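S.K.: Have a look at this one before I ask anything.
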Amino acid sequence: MWNAHITEEDYKIIPKEEWDIRDTIPQLAYLTHNFVRYYGKYIPPIATNLVKRYTERQDIILDNFAGCGTGLVEARLHGRNSIGVEINPLGVLASKVKTTIIDPRKLSDTFMDLLQKSSLDISNLEEKNNEVTLSIPSKADFSSIDKWFTSKQINHLGVLRHHVFGLEEDDALKDFFKLAFGAIIRRCSLAFDGEVRPHINKKKKPRKVLVAFKDKVEDMIERMKLFSQETAKDVFTKVFQHDSRDLQKIVDDESVDLIISHPPYLNAFDYAPVFKPTMHWLDLKYLTTRKEEIRAWPATNKKLVDKYFSDLDKCLTEMYRVIKPNRKCCVVIGDCTIRKKPLATHKVIINLATDKGFKIERIISRKPWYTTGRYSYDPRALKLEYILVFGLN
C-alpha cells in the first residue's frame, strides 16, 4: 500500500540540492538550544536555511512536529512569528521555555531562594529530620524508579522537586526551573548520560543533585541573557500540546507562510520511552503521550507501518489546509530499513503530498555529520536526510 510509486523519470527531473552541514554537537547547542537533551530533533541550521530562504520578517511559520522547539527558536531569532504543535508534554515545556524571554535578575533571585531552601532541607534530611517534605513520583506511576535511581538520589531529587513545583511565581518562571530540573534527571540517575535509549551504567557515579542543578541553571540563565539580546521582541511564539493530525481548533485555513515539518523517522527508535524517567519526575503524562503519539517503531510490525503512513497522510491534509497560496511546505525526513530491505520513506511522502494537491519543487539532501564525543554518529552508517520542499499545484 505504501510503496513509492513515483517513477524514476519523474524523480530524476525534480531539482536536487545538497547541504553539507558539519557543525559539531557543541557548535549546534548555542543559546537556548542546549537547555535540555531531546533526542530525535533536527539541527538548527536546517530551520535557519529554510526560514531565510522562504520567509520574510513577521511571516508566520508552523512547526507541526515541534519537538523541543528548535524551529521555534530559530524563527524567533530571525524575526518570524511561529506556531509550534507537539504531542509530547516534555517537548511543549522545552519549546515554551526556550522561546520565552525572562528577566535574568528575576531568574537569579528565584534560583538563589530555591538553592538555599533545597540545601537546608537536604542537610536536615541527612540528619534524619522528619520535618523535610519530599515530592517523589508514586511507584504506581513509576514502578521502576528504584532501578534507575539510588535511594539517596530519589530523596534529594524529591527535596528539589518539592521546592521547584512549589514556586508561586508566574508560569514562565516556574516552567524555566521545571525544565532545568528535568534536564538533570538523566545525569543524576544510574543510566548512561548520552545514550538515546537508557541503559544502566554499572560503573556510573551519579552526580550530586544540587551540584548538577546549580551548574545547569547557571548555564541556562547566562544563555537566556544572550538569547534576550539577540532575539526579536516584536514577534510571537505560540506552543500547543496538540495532535498534528487535526489542527482545526488552533490553526486557521490558509494562515501560515511556511511549514517546517519533522515527523518521527520510521524505524529510527521508540520515541516516548527515551523520556520516560524525566517525564515521571516532571509529573507529565507518559502513558497518555505513549497512547497518542504517532508510532514509528518497530517497523517490522506491518500494522504499525500502515498506521504511521496513514497518520502522516492526515497531517498532510492539515498542512495543505493551513498553508497560504504560493508559499512553501518543507518536510524533513529520513529513509529507513525494514528487515534489511530499504524503504524510501521520502518518496512515499512525495506521493502522499502530491495526492493532497502539493507539488514537489525541490529535494534537498544532507548526510548527518555529528562527529564528536562517545555517542556521536558514524556518518558512514547513516542514510541521507531529506528536506522535501513542496508548493501548491
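The values are calculated or read from the model by the stated rules, or taken from the named source; none is laboratory data. Keep in mind the model is a prediction, meaning the values are calculated, not measured. No Cβ is skipped: glycine too gets one built from the backbone with ideal geometry, and neighbour counts run over all protein chains shown. Ligands, DNA and RNA are stripped out before the accessible areas are found, and what is left, the full protein with its side chains, is counted by its heavy atoms. Shrake-Rupley method; radii C 1.70, N 1.55, O 1.52, S 1.80 Å.
S.K.: Any residue in region 331-350 that is at positive phi sitting within a Cβ distance under 9 Å of a residue that is surrounded by 15 or more Cβ atoms within 10 Å (Cβ to Cβ)? List the pairs, counting only those 6 or more apart or interchain.
M.R.: Within 9 Å, the pairs are Arg339/Ala299.
S.K.: Has region 366-380 got at least one residue that is modelled with pLDDT of 95 or more, surrounded by fewer than 17 Cβ atoms within 10 Å (Cβ to Cβ), in contact with a Leu (Cβ under 9 Å, 6 or more places away or on another chain) and of a type outside the set (S, T, N, Q)?
M.R.: no
S.K.: Go through (1) of a type in the set (S, T, N, Q); (2) in a helix (DSSP H, G or I); (3) touching a residue at least 12 places away in the same chain (Cβ under 8 Å) one by one and return the number of the condition Ser189 breaks.
M.R.: (2)
S.K.: Looking only at region 19-31, decide whether some residue is among the hydroxyl-bearing types (Ser, Thr, Tyr) and open to solvent by 60 Å² or more (accessible area, probe 1.4 Å).
M.R.: yes
S.K.: A further question on this structure: Out of region 81-110, which residues are in contact with a helix residue (DSSP H, G or I) (Cβ under 6 Å, 6 or more places away or on another chain) and more than 18 Å from Phe181 (Cβ to Cβ)?
M.R.: Within region 81-110, Ser82, Gly84, Glu86, Ile87, Thr99, Ile101, Pro104 meet the criteria.
S.K.: Right, here's the next one. Name every residue in region 22-77 that is more than 22 Å from Leu90 (Cβ to Cβ) and modelled with pLDDT under 95, in order of residue number.
M.R.: Across region 22-77, the qualifying residues are Arg22, Asp23, Thr24, Pro26, Gln27.
Quick grid of which residues meet (1) closer than 23 Å to Arg223 by Cβ; (2) surrounded by fewer than 24 Cβ atoms within 10 Å (Cβ to Cβ); (3) under 11 Å from the mean Cα position of the chain (by Cα):
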residue	(1), (2), (3)
Pro44	yes, yes, no
Leu50	no, yes, no
Ile61	yes, no, no
Ala66	yes, no, yes
Arg76	yes, no, no
Asn81	yes, yes, no
Leu93	yes, no, yes
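S.K.: Can I ask one more? Could you pull out the residue among Phe227, Phe176, Phe181, Phe213 that is over 14 Å from Leu114 (Cβ atoms), open to solvent by less than 40 Å² (accessible area, probe 1.4 Å) and among the aromatic types (Phe, Trp, Tyr)?
M.R.: Matching residue, one of Phe227, Phe176, Phe181, Phe213: Phe227.
S.K.: Determine whether Phe142 is more than 21 Å from Val36 (Cα to Cα) and of a type outside the set (D, E, K, R).
M.R.: yes
S.K.: If you take the residues in region 230-251 that are modelled with pLDDT of 95 or more and among the polar types (S, T, N, Q), which one is nearest to the chain's Cα centre (by Cα)?
M.R.: It comes out as Gln241.
S.K.: Does Leu157 satisfy the criteria of being in contact (Cβ under 8 Å) with a residue 24 or more places away in the chain, of a type outside the set (Lys, Arg) and either exposed (fewer than 14 other Cβ atoms within 10 Å of the Cβ) or on the phi > 0 side of the Ramachandran plot (or both)?
M.R.: It is false that Leu157 is in contact (Cβ under 8 Å) with a residue 24 or more places away in the chain, of a type outside the set (Lys, Arg) and either exposed (fewer than 14 other Cβ atoms within 10 Å of the Cβ) or on the phi > 0 side of the Ramachandran plot (or both).
S.K.: Ok, one more. Could you tell me which residue of region 135-154 is nearest to Arg207 (Cα to Cα), considering only residues that are in contact (Cβ under 8 Å) with a residue 24 or more places away in the chain and open to solvent by 70 Å² or more (accessible area, probe 1.4 Å)?
M.R.: It comes out as Lys147.
S.K.: Among what's in region 127-161 and is of a type in the set (Asp, Glu) and in a loop (DSSP other than H, G, I, E, B), pick the residue that is nearest to the chain's Cα centre (by Cα). Write out each step before concluding.
M.R.: Initial filter on region 127-161 (of a type in the set (Asp, Glu)): 127, 131, 141, 146.
Now restrict to residues that are in a loop (DSSP other than H, G, I, E, B): 127, 131, 141.
Values: Glu127: 40, Glu131: 38, Asp141: 23 Å.
Filtering first and then ranking leaves Asp141.
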